[in-house]
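The values are calculated or read from the model by the stated rules, or taken from the named source; none is laboratory data. Everything numeric here is computed off the predicted structure, so don't read it as measured data. All Cβ positions, even for glycine, are placed from backbone atoms using ideal geometry, and neighbour counts span all protein chains on display.
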Amino acid sequence: MKLIDEKENKVIFTAKIDESLANAIRKYLNQIPVLAIDEVEIFKNDSPLYDETIAHRLGLVPLKTDSSVSGKKSSQIKLSVKKEGFVNAGEMVGPVDVVYKDIPITFLNKNQELELVATTRLGKGREHAKFSPGLMFYRNVANINIRKECPAEVTEICPQNILKSKDGKVVAEDPLKCDLCDACVELCKKQGKDSIEITPADELMITVESFGQMSAKEIFKKSVEELKKDLKEMSVKVGK
């Protein structure tokens, strides 16, 4: 594996891995236990939103999921607000931390109130989207072969802007950005030339994005762990 880019809640890397295995790891993101609000008991709601709408919005608020909460079956978060203005997710009080505290839940006018108790639980993305930790997607790394007679016009048509003209030759400055769109190949063919050849390499460019409950690296690691568990269980059953 080779790390390409790492940002908050996002990691990009290349790996020599079969597409079927990468796809299995991608699917097993929805097997990772993630904490989310599962039930909401509303005692007072003077806001313009229905109780069901508020409950739905609370369910999609990302909650920090780490080892300190992974062993707990459930916990309660309270929200009691009487003010004029937006009610944000960060105003909820309890043993669980909200990832993005500025997420608006609803709006209250003067002398209006919102009071509720939310119960959290661990779940998996296969049950509901609120338990999904993030996204994973991938594509092939490209092998770019540029011949001497390649026309300079291809530098203007490349959507990723990776083809440059240097010393009278066309070169690919950052091949990892190539998404195999073949725009340059088609241009050369229209001019009756076969100057550029782009083929998929045996490496994949993998991107993992987190919704904030856990880091992108942790998501990938846990997905692999969950896949290994099922493969081990399947191996035992097949061996009997």
Among the numbered criteria (1) assigned by TED's automatic domain parsing to the domain that holds Glu6; (2) closer than 30 Å to Asn9 by Cα; (3) touching a strand residue (DSSP E or B) at 6+ places or on another chain (Cβ under 9 Å), which one does Asp174 miss? (3)
Could you list all residues from the range 212-240 that are part of a loop (DSSP other than H, G, I, E, B) and closer than 22 Å to Pro133 by Cα? Gly212, Gln213, Met214, Ser215
Please state which one of Ile25, Ile37 is in contact (Cβ under 8 Å) with a residue 60 or more places away in the chain, farther than 27 Å from Ile54 by Cα and of a type in the set (Val, Ile, Thr). Ile25
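Gly123: in contact with a helix residue (DSSP H, G or I) (Cβ under 6 Å, 6 or more places away or on another chain), under 30 Å from Ile4 (Cα atoms), among the small types (Gly, Ala, Ser) and modelled with pLDDT of 90 or more, yes or no?
On the way: in contact with a helix residue (DSSP H, G or I) (Cβ under 6 Å, 6 or more places away or on another chain): yes; under 30 Å from Ile4 (Cα atoms): no; among the small types (Gly, Ala, Ser): yes; modelled with pLDDT of 90 or more: yes.
No.
Sort out for me the strands (runs of 3 or more DSSP E) sitting completely within the range 1-104 that have 3 or more residues that are of a type outside the set (Gly, Ala, Ser) and within 16 Å of Lys217 (Cα to Cα).
On the way: elements: 2-7, 10-15, 34-45, 74-82, 85-88.
In the range 1-104, the matching strands (runs of 3 or more DSSP E) lie at 2-7, 10-15.
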Which one is nearest to Pro33 (Cα to Cα), of the residues in the range 200-222 that are crowded, with 19+ Cβ neighbours inside 10 Å and polar (S, T, N, Q)? Gln213
Scan of the range 42-74 for residues that are charged (D, E, K, R), at pLDDT 95 or above and loosely packed, with under 13 Cβ neighbours inside 10 Å, ordered by number: Glu52
Answer yes or no as to whether Glu209 is assigned to a strand (DSSP E or B) and either of a type in the set (A, V, I, L, M) or modelled with pLDDT of 85 or more (or both). yes
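Answer with yes or no whether Phe86 is aromatic (Phe, Trp, Tyr) and surrounded by fewer than 17 Cβ atoms within 10 Å (Cβ to Cβ).
Details: aromatic (Phe, Trp, Tyr): yes; surrounded by fewer than 17 Cβ atoms within 10 Å (Cβ to Cβ): yes.
When the stated conditions are applied, Phe86 passes them.
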